[in-house]
1. Taking the range B:96-110 only, how many residues are modelled with pLDDT of 90 or more and either over 20 Å from residue C:217 (Cα atoms) or of a type in the set (Lys, Arg) (or both)?
2. Condition first: farther than 25 Å from residue C:197 by Cβ, open to solvent by 20 Å² or more (accessible area, probe 1.4 Å) and modelled with pLDDT of 75 or more. Can you find one or more residues in the range C:292-304 that meet it?
3. If a residue has to be outside any loop (DSSP other than H, G, I, E, B), touching a Phe, Trp or Tyr at 6+ places or on another chain (Cβ under 8 Å) and open to solvent by 40 Å² or more (accessible area, probe 1.4 Å) to count, how many in the range C:166-193 make the cut?
4. Checking the structure you have, find out if any residue of the range C:239-250 is surrounded by 24 or more Cβ atoms within 10 Å (Cβ to Cβ) and part of a strand (DSSP E or B).
5. Return the pairs, sorted by first residue and then second, in which the second residue is open to solvent by 20 Å² or more (accessible area, probe 1.4 Å), the first residue lies in the range A:492-508 and is acidic (Asp, Glu), the beta carbons are less than 9 Å apart, and the residues are 6+ apart or on different chains.
6. Considering (1) within 22 Å of the chain's Cα centre (by Cα); (2) over 26 Å from residue A:371 (Cβ atoms), say which one residue A:511 fails and leave the rest.
7. Can we say residue B:98 is outside any loop (DSSP other than H, G, I, E, B) and open to solvent by 10 Å² or more (accessible area, probe 1.4 Å)?
8. Determine whether the range A:111-119 contains at least one residue that is touching a strand residue (DSSP E or B) at 6+ places or on another chain (Cβ under 6 Å), of a type outside the set (Val, Ile, Thr) and at pLDDT below 85.
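The values are calculated or read from the model by the stated rules, or taken from the named source; none is laboratory data. Note that the structure is predicted; figures quoted are calculated from it, not measured. We place every Cβ from the backbone using ideal geometry, glycine too, and count neighbours over all the protein chains shown. Just so you know, the surface numbers come from the protein's heavy atoms only, side chains and all, with ligands and any DNA or RNA stripped out. Shrake-Rupley method; radii C 1.70, N 1.55, O 1.52, S 1.80 Å.
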Amino acid sequence: MRRWLPAGLLAFLAAGPLVLSEFYVTLFNYIGLSALVALGLVLLTGVAGLTSFGQAAFVGVGAYATAWLTTAGAAAGWPALLTTPWAGLALGLMLTMLVAAGLGAITLRLSGHFLPLSTIAWGISLYFLFGNLEFLGGHTGLSGVPPLSFAGWELRDPRWFYYLIWLSLLAALFGVRNLLDSRPGRAIRALKGGALMAEAMGVDTARAKLMVFLLAAILASLSGWLYAHLQRFVNPTPFGLPIGIEYLFMAVIGGASEVWGALVGAAVITVLKHWLQDWLPHLFGASGNFEIIVFGFLMIAVLHRAQGGLWPYLSRGFPQPAVRGEAASRRDASLPPMPQRARPEAGVLLLDVKDVVKRFGGLVANDRMNLAVHAGEITALIGPNGAGKSTLFNVISGVEPATSGEVRFLGQRIDGLPARAIARLGMARTFQHVRLLPQMTVLENVALGAHLRGKRGYLSAMLRLSRDEEARLLAEARRHCERVGLADCLHMPAGSLPLGRQRLVEIARALALDPVLLLLDEPAAGLRYLEKQALAALLRVLRAEGLGILLVEHDMDFVMNLADFVVVMEFGKTIAAGRPAEVQNDPAVIEAYLGGLE
Amino acid sequence: MSEALLEVSDLSVAYGQIEAVHHVSLRVLPGQIVTVIGPNGAGKTTLLSAIIGLLPCKGGMVRYAGEAYARVTLEKMVAAGMVLVPEKRELFAEMSVLDNLLLGAFMRRRLGFRDERQTLATVFALFPRLKERAQQRAGTLSGGERQMLAIGRALMARPRLLMLDEPSLGLAPLIVREIFRILADLAAEGVAILLVEQNARAALQLADYGYVLETGEIALSGRADELSEDARVAESYLGQAAGCPVA
Amino acid sequence: MDLQIALLLAQDGVVSGAIYALLALALVLVFAVTRVVFIPQGEFVAYGALTLASFQMGKIPGTLWLLLALAFVILLVDGPAAWRQGGRGFLLFLAQVVLYPALMAAAVLLGQPHAWPLWAQSLLALALVAPLGPQLYRLVFQPVAEASVLMLLIVAVALHLALVGLGLVFFGAEGSRTPPFSEASWEVGSLVVSGQSLWVLGASAGLIVALYLFFEKTLYGKALRATAMNRIGARLMGISTTFAGKIAFLFAAVIGGASGILIAPITTIYYDTGFLIGLKGFVGAIVGGLASYPVAAAGALLVGLLESFSSFWASAYKEVLVFTLIIPVLLWRSWQSHQVEEEE
């Protein structure tokens, strides 16, 4: 039964216009148009953790661009080629991208709520513009928009338009689903709650956010283009802020975490709206858009009770989708491994920290710290809690800028570089407070570490042209999982693992970056004795392979048996540095660690 | 044995999807100093957060001041005189030291007490430095002063049970000694103290009773002086393992 | 444009700017304490103005029914727990959800507010709108208080939509304008200053000073600021986040309702006018980064002036110009922030 449901639905969709009445065909057309916009919002809201209330304005840009070009342009006697609906589509998409890129560049770097707030302002402004610009027909709008035509055949019947809308929608659904199951898709999925970690893996999160925002805007604009040629006239009303809010409701009520939620939400809201608009004015004895009361409270109820929307409930009837990445990662045997970066020879100076100072307000977290790590060596950074070790890690890896001082990596100055640029040079790190994406599988989390080793972009991901590279990336990720001992839980959600194993995922992810220097922040915390032994063995192997390792750790046994060189910090300063045996007998160290009440 | 002020039985706490504390039981008597020691990530902070109600418990029971709670609520605990000095201090950085202290007495004011000026005098007597800096913004204080303010603010609530999460964190030994001396004085006045520390040696010297928490479970417990003698504690937490310096 | 027109426009701008400033302060307060970007702020403005207008037309304002309905739901939801708790807490709870709504119902239904003087009608309107703040906080925001800012924003937008729709049901699509508090006017040089303008400015200044004193001088005010600065720290002192949230929303409703009552004599208010007014307060609040009270107030004043002058030069594009103002502001903020921010 489950297997036949999707096929049955497709057959129903295909047969729709042949059997349904005109009324239902129109309803389905509107559902399809709305679902296109809502799909963009699923990407934005559910996946990337951004939101826009102004998508209706993008729909308007798409609709007005083509309406204006095909009517006013044609009337002005422009070359026929420039006034076809196809030119209108191109103009609409160009304008949309221009506006979205501009807005995105301004707001996407700010924290999450500034983007939606600016989309409210933008949604209102554009609505007033549509209504006030003479050449767009003011509040009456533009009429006489020509129908779409394919090689002379005009698409005037809504029954035929139905196919165009639903084919566009299915193509968009297909593309977005493919995108999410790919290298750029993982970067997008990391935006929600993992931006800092993603940057440390080399992901340009600002660009990823912008791309998602653009994609959502493009889908909205496409919907607007279809709308204009279906309706054959445009006016400002369907592009106002209330409709923009309605699109967002569709995504959230349908279920913003899966692409199908857009379709469910669009169907529910469109049908409900139609029904309420018939029924509520009778109830209240006046005309007006009373349905917004119901939508408002419905939305609040959904956000209180079922934040995942309706889709998770409906999806139980469908075959469960394969775990992302599972199939691709099985193809590994036939593919050549990914090329590795050239490793410097043992003993080469990798990291050189000179006089680094880091202040937070009145607190000096790092006070003229010096440190060096060589290839094929493990340097341990130890000291009491609060001594400033993690801060120094953040400064070295570019997560936070140093107040003053110099950090060199492979001879190049890296203080002031963003984390992703440092990652690109071959430095990988783990985080003391584990930063995984709990819903994603272990394999996908680790594959995020290999982000910089792939090249394929958004378009090829959507069109499934990047499957080879994708399989190689996942195979690489799988290799590192196996290496740290996670072979048995590749396809489990990372959040379901015990803390100790989550730390191993962090290490595997760092290794997947193919680093020459590995920064490990308390990798052994929460591990049991045998697991610690296994970790120590792995680090020894990595050292033998020529990797440089900088390690923060509290377990003295672990550190003293493993490290080649130990730096002891207290109050942001180095109080001792040397071979483990030297450091252990240093009076200052004994005082720092064991300074009791005597 | 006298009636325990705090009795935690079989407590389990999940942090996100991970269960961070499993089936922990411990008790604190009035005027007693009890310490929980253990490595980073053992679940010490999670344990304190659950006892006072910052985190929900997954299972088990907290009995405090004669009342049993299956679901602890923070407000009730604070009203009943339980106070936590958190690891991150959580001061009101943009407010003056004085306002920080006065807010420490917020719950007492709500319960109808009007004695915050007297309490303030006691706190200033304990920490003269805070009196000097009364008008300064809390965000401009040094690390040691912040910890003093955090403890002072907690004392403004006149706690029956004072819980401290790593009070020695990032502080110079001299200041740690000073703070621990004050804790001893408080206990002598009848305040029960539950101290979570990484600085195991200092904590065990101060405390009457100790628990060792490891990967979310109580691995050992006993009188503090006995625990400091225990070979396993000495090895893991006091840095006396083979090859490590012996103080 | 000559000086006289400029002065006239400036006066208009300052008067509406004062209202926007009040709203901006409420928005900053609500955001700081609860992390809710409170889009429905403007609905309180419309509700305040239209409730007053209903009294004057001798109608029963729908605000009363909303107040009673919300109180009833809260009684159902929280009643059992309050009963079990007993004591003073239960009496206080009953006073809030039974006694106060009953008093309001009596005043509106039996007290014939139609015949009351304007100031008494205004106070009654405010008394009807004010409790909506904490009530809505309890039912709409408290259950998701720990959700992300983004989620809270979506909830706020949903609530905005519902309240606008209810406004249409309560007050109809017709706009209303109420009589001014003062008919007086003075000539200062070539400029005519109306008594109502002075009322608006005086009341705004008074409210701002009262807010300042509350936050700086009282323990509860400090407790609210403490919650805004450090939620965990505040909770550990026994300052409940819920309590702080309800107070913040009470302020939002009082400020919103009062703003509506103050401007109702100056502009015609429709059921959906509040949104645009509230958004202009927002532009001010965003200028202040949703964090600084003085900067937000100054930004709101700027919005008022910009709106007033653009209505002279390009009245059709007035709204466009005002909302485009936030673009340079955001640009400037964006240049200031360089780090990758982690959403909570």
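1. Residues flagged as modelled with pLDDT of 90 or more and either over 20 Å from residue C:217 (Cα atoms) or of a type in the set (Lys, Arg) (or both) within the range B:96-110 amount to 2.
2. yes
3. Counting residues in the range C:166-193 that are outside any loop (DSSP other than H, G, I, E, B), touching a Phe, Trp or Tyr at 6+ places or on another chain (Cβ under 8 Å) and open to solvent by 40 Å² or more (accessible area, probe 1.4 Å) gives 3.
4. No - not one qualifying residue is present in the range C:239-250.
5. Partner pairs satisfying both residue conditions: A:506/A:434; A:506/A:435; A:506/A:436.
6. Residue A:511 satisfies all of (1) within 22 Å of the chain's Cα centre (by Cα); (2) over 26 Å from residue A:371 (Cβ atoms) except (2).
7. For residue B:98, the condition - outside any loop (DSSP other than H, G, I, E, B) and open to solvent by 10 Å² or more (accessible area, probe 1.4 Å) - is met.
8. No, the conditions are met nowhere in the range A:111-119.
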